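These notes are about the structure you will find just below.
Just so you know, all these numbers are worked out from the coordinates, no wet-lab data involved. Quantities reported herein were computed from a predicted structural model and do not represent experimental measurements. Backbone-built Cβ (ideal geometry, glycine too); neighbour counts: all protein chains shown.
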């Protein structure tokens with residue numbers, strides 16, 4: 001009985017691992033870019049771009065001050081065209097925007113970080 005149980009468990013493990021691989025293999029990874037376009041005392045604006053329109057809408061963007069220890073300033077969600085506007089008081093310094101990875105159906109929209117920009 002112990003041998004049969006071991007064989008059943010081994011078979012179940014193989015099936016579970018195999019199905020997990022099929023699910024991952026069925027996704028398409030899509031590159032995303034994020035760019036800070038302007039900033040000032042009231043906040044920062046930018047745009048998320050991708051070859052796949054589904055990877056542009058409703059993406060969470062985080063604005064971080066990277067002068068000294070990194071500090072998250074605020075977040076926003078992109079509009080249908082990939083634009084975002086983080087409204088928060090900014091002091092002179094270096095900033096980066098990052099966009100979180102997002103799964104949309106069979107697409108895996110990748111995480112991205114902008115170049116550092118001084119405002």
Evaluate the distance, in nm, between pseudo-label points positioned 7 Å from the Cα of residue 85 and of residue 106 along their respective Cα→Cβ axes. 3.8
Spacing of the two label points (7 Å from each Cα toward its C-beta) at residue 51 and residue 71, in nm: 4.0
Grab the Cα-Cα distance for residue 92 and residue 30, subtract it from 0.36 nm times how many residues apart they are, and report the gain in nm with one decimal. 18.9 nm
I want to make sure I understand the PRE zone here: with the label point 7 angstrom from the Cα of residue 115 toward its beta carbon, which residues in the stretch 61-99 have backbone N atoms less than 18 Å away? 64, 66-67, 93-99
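Please report Rg over Rh for the stretch 28-118, where both radii come from the alpha carbon positions and Rh follows the Kirkwood definition.
Values: Rg = 12.8 Å, Rh = 13.0 Å.
Taking Rg over the Kirkwood Rh, I get 0.99.
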